[in-house]
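What follows is one structure encoded as structure tokens, with my remarks underneath.
The values are calculated or read from the model by the stated rules, or taken from the named source; none is laboratory data. Please read these numbers as outputs of a predicted model, since none were measured by experiment. Cβ placement follows ideal geometry from the backbone for every residue including glycine, while neighbour counts extend to all protein chains displayed.
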């Protein structure tokens, strides 16, 4: 098992990951602090779900809940091996999880492609296991896809954005695009953190390069 600085920037294998727990050890709020909608499903008929990781999840969630057509958002841990992790163990780098945002949205009001555009433009997807001053595997950029259509759209948008970034002198995109695994909700105090703490930390910053929209469908 890895500990120390290397564990922060190298993903553990399933065998190296911490064992975790059978059940969640904290309570998730029933409703969204800003939107007043449920934080856990089942979701309303006709809605769809997006899962993304783009650095510290506090700022990423705020970006998403402000968008027209978004029904609810929540923060949690995704893409790792340790069941029911806590924030402390995710920060150790020994679970494999990324800080992720769950976005439930109405596709009649905002499309998956439009949400991907917001995702790409509001962080730097070329930084590997970091986002700005936040360093570690939990801060990596990722899109976790619920089906093949989402994956195809995500990959197409990545290629389109890579062209724009290359034109502007940026390195290759390091964003992970993977099938959605279980989304483990984060602790209550993390949910809509920047609504409860308006002056709180947000380390997100985009590249300033616009992303073509509507390229995937």
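For region 66-78, how many residues meet the condition of being over 19 Å from residue 153 (Cβ atoms) and buried (at least 22 other Cβ atoms within 10 Å of the Cβ)?
Total satisfying the criteria: 6.
Within region 57-73, track down each residue that is touching a helix residue (DSSP H, G or I) at 6+ places or on another chain (Cβ under 7 Å) and either farther than 24 Å from residue 31 by Cα or part of a loop (DSSP other than H, G, I, E, B) (or both).
Correct list: 67 only.
Closer than 20 Å to residue 130 by Cα, surrounded by fewer than 18 Cβ atoms within 10 Å (Cβ to Cβ) and modelled with pLDDT of 95 or more: is that true of residue 176 in this structure?
So residue 176 fits the description; yes.
Residue-by-condition table, conditions (1) in contact (Cβ under 8 Å) with a residue 24 or more places away in the chain; (2) in a loop (DSSP other than H, G, I, E, B); (3) surrounded by fewer than 20 Cβ atoms within 10 Å (Cβ to Cβ):
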{"site": "84", "(1), (2), (3)": "yes, yes, yes"}
{"site": "88", "(1), (2), (3)": "no, no, yes"}
{"site": "119", "(1), (2), (3)": "yes, no, no"}
{"site": "150", "(1), (2), (3)": "yes, no, no"}
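Picking from 46, 76, 20, which residue would you name as being in a loop (DSSP other than H, G, I, E, B), closer than 17 Å to residue 184 by Cα and at pLDDT 95 or above?
Only one candidate qualifies: 20.
For region 208-217, name all the residues that are touching a helix residue (DSSP H, G or I) at 6+ places or on another chain (Cβ under 7 Å) and either on the phi > 0 side of the Ramachandran plot or at pLDDT 95 or above (or both).
Passing the criteria: 209, 210, 211, 214.
What's the total number of residues in region 14-53 that are closer than 28 Å to residue 123 by Cβ and loosely packed, with under 11 Cβ neighbours inside 10 Å?
Number satisfying all stated conditions: 2.
Note down all Cβ pairs under 6 Å where the first residue falls in region 135-148 and is over 20 Å from residue 117 (Cβ atoms), the second is at pLDDT 95 or above and in a helix (DSSP H, G or I), and they're at least six residues apart or on different chains.
138/90
Out of the residues in region 179-197 that are assigned to a loop (DSSP other than H, G, I, E, B) and under 17 Å from the mean Cα position of the chain (by Cα), which is surrounded by the fewest Cβ atoms within 10 Å (Cβ to Cβ)?
Among them, the one singled out is 182.
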